[in-house]
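Accompanying notes for the structure given below.
Rule-based calculations on the coordinates, nothing more; no lab input. What you are looking at is a predicted structure, and each value in this text was computed from that prediction instead of being measured. Cβ: placed from backbone, ideal geometry, glycine included. Neighbour counts: every protein chain shown.
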Amino acid sequence: MKSQVEEVRSSFEAEAAEVNSSASLQELKVRFLGKKGTLTALLKSLGSLSPEERPLAGEALNALRDELEQKIEQKKLKLIQAEDAAAEAGDRVDVTMPSRGRPAGAFHPVAQTMHEIVNIMQGLGYSVVQGPEVEEDYYNFECLNMPSWHPARDMQDTFYFPDEGGERKTLLRTHTSPTQIRAMLQYGAPLRIVCPGKVYRRDNDPTHSPMFNQLEGLLIEKEVSFSVLKGSLRELMNGFFGRELKNRFRASYFPFTEPSMELDIECVECGGENSGCRICKGTGWLEVCGMGMVHPSVVRAGGINPDEYNGFAFGMGLDRMAMLKYGINDLRYLFNGNVSYFLSGRDA
Ligand SMILES: [Zn+2]
């Protein structure tokens, strides 16, 4: 029995030397003094000893138990002090530290583009007006000089809703122009508005999406000249791209403006210096905006007398503007939700 007591003591000493935390100390205590502990097993074995041996062995084992308990208590105190000191020194909570927080979100490039353009136009005295995306044929086509037989409708084929009697009178708007009619009817003249929003057409290929974002502007005042339109658009483009850009106006056709023009700006990628430029295809110019003086019959449809007031309208694709400004080379990146493309720069 005496040798067993010595064995237990020395194995306890050896294991205690390895203990370096309150948790491992607790494990050590369980191993020796717990219900199935080494020392507990010896105490239980006392019953099997002869009556002569029992008192002496009992005394020795009880003394060992007291000794181990004492050593564990001492060790525990030391460990607690050490752990407290470490916490003081290293892991102290600094309440003045800024929080790690979450990575901040950001506006979608198209929303960002819309905000930038709206800001510039608000500086020129324009207000923002929004209209319904589910629109009536009358506002989307009819009153914009596109009666049902008009071939210009082919360029803007869209999605219709089933109406009673099989008529196709309700549709997803193909441009934000119907909002201009609604605004003229609601607010009258004079009027300066921009209408940003989603529009829909039956196109789906690498450069066209069935849903895209447009922004149109309308100014109705007395004796508005084309030069005001040119000046406003130059202001807008230079403001949006942040520098003076060459521009040119080309004659064009839209059913709702007369005369109609398109605005080209110098290529924002190469400035016309690179004949192999993939953005301008070597022409040095980018088509960015259609516009014109509002057709008198459209002014009339808006409830305004075209003999008294005239004005201009312009429209551009916000997706295209975002792609040009932020160097995004595929329209589909704007809609596929892959944020890594925008975080890493290009071609993720
Ligand atoms: Zn170019």
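Quick notes on this structure:
- Environment charge of Leu39, counting only residues whose C-beta is closer than 13 Å and scoring Lys/Arg +1, Asp/Glu -1: +2
- Across region 109-344, Cα pairs under 8 Å and at least six residues apart give a relative contact order of 21 percent.
- For the chain, Cys with no neighbouring Cys Cβ under 4.7 Å: Cys143, Cys195, Cys289
- Shape class of region 109-344 from the Cα gyration tensor (axes a ≥ b ≥ c, square roots of the eigenvalues): oblate, since a/c reaches 1.5 or more and a/b does not exceed b/c.
- Relative intensity, log₁₀ I(q)/I(0), of region 2-85 from a Debye sum that treats every alpha carbon as a point, q = 0.24 Å⁻¹: -1.15
- Farthest toward the positive end of the dipole of region 109-344, out of Val294, Leu229, Leu171, is the Cα of Leu229, where the dipole comes from beta carbon charges about the Cα centre.
- Couplings 3J(HN,Hα) for region 109-118, derived from phi with the Karplus relation 6.51 cos²θ - 1.76 cosθ + 1.60 (θ = phi - 60°), are x, 6, 5, 4, 4, 4, 4, 5, 5, 4 Hz, where x marks Gly and Pro.
- Translational diffusion of region 236-304, estimated by Stokes-Einstein from the Kirkwood radius over alpha carbon pairs at 20 °C in a medium of 1.002 mPa s, is 158 µm² per second.
- Debye, to nearest 20: dipole size of region 2-85, +1 on Lys, Arg Cβ, -1 on Asp, Glu Cβ: 280
- With K and R counted +1 and D and E -1, the other residues having a Cβ less than 13 Å from that of Leu185 yield a net charge of +1.
- Positive-end residue of Ile117, Pro210, Thr96, charge dipole of the chain with Cβ unit charges: Thr96
- Positive minus negative residues near Thr113 (Lys, Arg vs Asp, Glu; Cβ under 9 Å): -1
- Dividing the summed helix terms, -39500 (n - 2.57) for each DSSP H run of n ≥ 4, by the number of residues in the chain produces a 222 nm estimate of -12500 deg cm²/dmol to the nearest 500.
- Taking the charge dipole of the chain about its Cα centre, with +1 at Lys and Arg Cβ atoms and -1 at Asp and Glu Cβ atoms, the residue from Gly239, Pro147, Asn62 reaching farthest to the positive side is Asn62.
- Calculated from backbone phi, Karplus (6.51, -1.76, 1.60) coupling profile of region 136-141 in Hz, x at Gly/Pro: 8, 3, 4, 6, 6, 10
- The magnitude of the dipole of the chain, with charges of +1 and -1 set on the Cβ of Lys/Arg and Asp/Glu and taken from the Cα centre, is near 240 debye.
- Using the Karplus relation 6.51 cos²θ - 1.76 cosθ + 1.60 with θ = phi - 60°, the per-residue 3J(HN,Hα) values for region 177-187 come to 4, x, 5, 5, 4, 4, 5, 4, 5, 7, 9 Hz, with x marking Gly and Pro.
- Rounded to whole Å, the principal axis extents of the Cα atoms in region 69-214 read 102, 40, 31, largest first.
- Distance between the C-alpha centres of region 85-142 and region 265-343: 22 Å, rounded to the whole angstrom.
- Placed amide H near Thr257: partners under 5 Å, 5+ positions off or other chain: His295
- Taking Phe141, Phe240 and counting other C-beta atoms within 10 Å, the order from fewest to most: Phe240, Phe141
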